[in-house]
Amino acid sequence: MRLRHLRVHLYLGVLALLSWGLVELTITEEEGRLIVPPHSPDYFSTGYRKWEMGDDGLLKNKLTAERMTHYSDDGTTHLDKPLMFFHNAATPPWVVNAEAGILSADGKDLRLNGKVHVERTGGKSTKPLIINTTNVRVKPETHYAETDEWAELISPPNRTTGVGMKLVFEQPVHLQLLSKVQGKYETK
């Protein structure tokens, strides 16, 4: 009987030693805190979509991207191949696409980086318009965009180029090239 008790105590002792060893091998919660490098993503999404409605309940603008990555340190949202639609009741929507973009933490500023293509198809009272440029700053709330870079405006058969551009997508649409403006216009 004593041998049986000795075995049980021996097994319990070995089990206690193994448990203590496992505890030593595992990292406690305090020691295991990860050091997050600055400007690291905290979440991401593929196939990102965001809609904004106006006071009248109609679609005001829509933003899509192939991939969205959010950074917690500054609250910015980085977008791969963003595509933005600005809707007006009177005209076809403006479609803005770019290679990349960064949306500010408050969602009020969108920087489109790389090549930017803006297009509005023709409508009953509007002619089609294509704008090619780079590095555009967009204010989605006010339907405003601007760039300091070269811009090309194409409204077939006319073509105008210049450096620097300001554009208001809402009615009345306002488009302004700021300097070095040149154009080729076809007359009837």
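Just so you know, in the stretch 144-188 the residues that are hydroxyl-bearing (Ser, Thr, Tyr) and either modelled with pLDDT of 85 or more or touching a helix residue (DSSP H, G or I) at 6+ places or on another chain (Cβ under 9 Å) (or both) include one that is farthest from ALA89 (Cα to Cα), and it is SER179. Considering the stretch 72-96, and only residues there that are in a strand (DSSP E or B) and over 11 Å from the mean Cα position of the chain (by Cα), the residue that is surrounded by the most Cβ atoms within 10 Å (Cβ to Cβ) turns out to be VAL96. Could you look through the stretch 135-188, keep only residues that are hydroxyl-bearing (Ser, Thr, Tyr), within 22 Å of the chain's Cα centre (by Cα) and closer than 16 Å to HIS117 by Cα, and pick out the one that is surrounded by the most Cβ atoms within 10 Å (Cβ to Cβ)? Going through the qualifying residues, I end up with THR147. Of all residues being among the hydroxyl-bearing types (Ser, Thr, Tyr) and out of contact with any Ser or Thr (no Cβ under 7 Å at 6 or more places or on another chain) in the stretch 114-133, which is modelled with the highest pLDDT? Just the residue, please. The qualifying residue modelled with the highest pLDDT is THR121.
Of all the criteria given as (1) touching a residue at least 60 places away in the same chain (Cβ under 8 Å); (2) under 20 Å from GLY183 (Cα atoms), the one not satisfied by LEU63 is (2).
Among the residues that make up the stretch 116-132, is at least one of them over 13 Å from the mean Cα position of the chain (by Cα), closer than 30 Å to PRO157 by Cβ, of a type in the set (Lys, Arg) and surrounded by 15 or more Cβ atoms within 10 Å (Cβ to Cβ)? Yes: the stretch 116-132 contains one or more residues that are over 13 Å from the mean Cα position of the chain (by Cα), closer than 30 Å to PRO157 by Cβ, of a type in the set (Lys, Arg) and surrounded by 15 or more Cβ atoms within 10 Å (Cβ to Cβ).
The values are calculated or read from the model by the stated rules, or taken from the named source; none is laboratory data. Note that the coordinates shown come from a computational prediction; the quantities given were computed from them, not determined experimentally. Note: ideal-geometry Cβ built from the backbone for every residue, glycine included; neighbour counts use all protein chains shown.
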